[in-house]
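As structure tokens, the structure follows; a few thoughts come after it.
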């Protein structure tokens, strides 16, 4: 595990600086840092690794970074009054995943990077689906292979008929708690075919 520091540089896969760590995003239920905020975007912990003691490397370039979700209030919010900043940090260094708030007991957020996020992020029926700051629908079901690998999400679009569209998993760029962020606009999703059956 590696201690994270607000302000440390983040280097992209092309060797160019993407920015610096602006804030750490914590899931209270899992007691893990799930994302770092770089240039206002949420970069998943699984996408960064230690480069040197004072730098992180990300598997993104600038274009990829722009596809990551914005750190907006529907996904992440400042911590509640029950948080206590660890030594060397202030509360403004942190954001919490909105859906993960579990109570008002005293809470000291973690500051280390753990790339195993398997117990934290989950796509499930009812998960909100976002394109930028616009919620474009909810997950109604997941399509999988025989061995359980997810191949697509079936998206329920808002409206009178509740139209459904199959979105290949490649278009999911990040999951924040149970919120799913995609790289397709509402218009592009509308053009997708509905599932058969």
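The values are calculated or read from the model by the stated rules, or taken from the named source; none is laboratory data. Not measured: the values here are computed from a predicted model. Note that each Cβ is placed from the backbone with ideal geometry, even for glycine, and that neighbours are counted across all protein chains shown.
Those residues that are at pLDDT below 90 and not in a loop (DSSP other than H, G, I, E, B), I need them from the range 147-164; list them, please.
In the first step, residues of the range 147-164 are kept if they are at pLDDT below 90; the result is 148-150, 156-164.
Those that are at pLDDT below 90 and not in a loop (DSSP other than H, G, I, E, B): 150, 156, 164.
Taking the range 6-35 as the region of interest, how many residues are surrounded by 15 or more Cβ atoms within 10 Å (Cβ to Cβ), assigned to a loop (DSSP other than H, G, I, E, B) and touching a strand residue (DSSP E or B) at 6+ places or on another chain (Cβ under 7 Å)?
4
Taking the criterion of being touching a strand residue (DSSP E or B) at 6+ places or on another chain (Cβ under 6 Å), buried (at least 19 other Cβ atoms within 10 Å of the Cβ) and at positive phi, would at least one residue in the range 128-147 satisfy it?
For the range 128-147, residues touching a strand residue (DSSP E or B) at 6+ places or on another chain (Cβ under 6 Å), buried (at least 19 other Cβ atoms within 10 Å of the Cβ) and at positive phi: present.
Restricting the range 36-57 to residues that are in contact (Cβ under 8 Å) with a residue 40 or more places away in the chain and surrounded by fewer than 19 Cβ atoms within 10 Å (Cβ to Cβ), which is nearest to residue 107 (Cα to Cα)?
46
Can you pull out every residue in the range 42-58 that is in contact with a strand residue (DSSP E or B) (Cβ under 8 Å, 6 or more places away or on another chain) and either assigned to a loop (DSSP other than H, G, I, E, B) or under 16 Å from residue 172 (Cβ atoms) (or both)?
Our first condition is that a residue be in contact with a strand residue (DSSP E or B) (Cβ under 8 Å, 6 or more places away or on another chain); within the range 42-58, this holds for 42-45, 47-51, 54-58.
42, 43, 44, 47, 54, listed by residue number.
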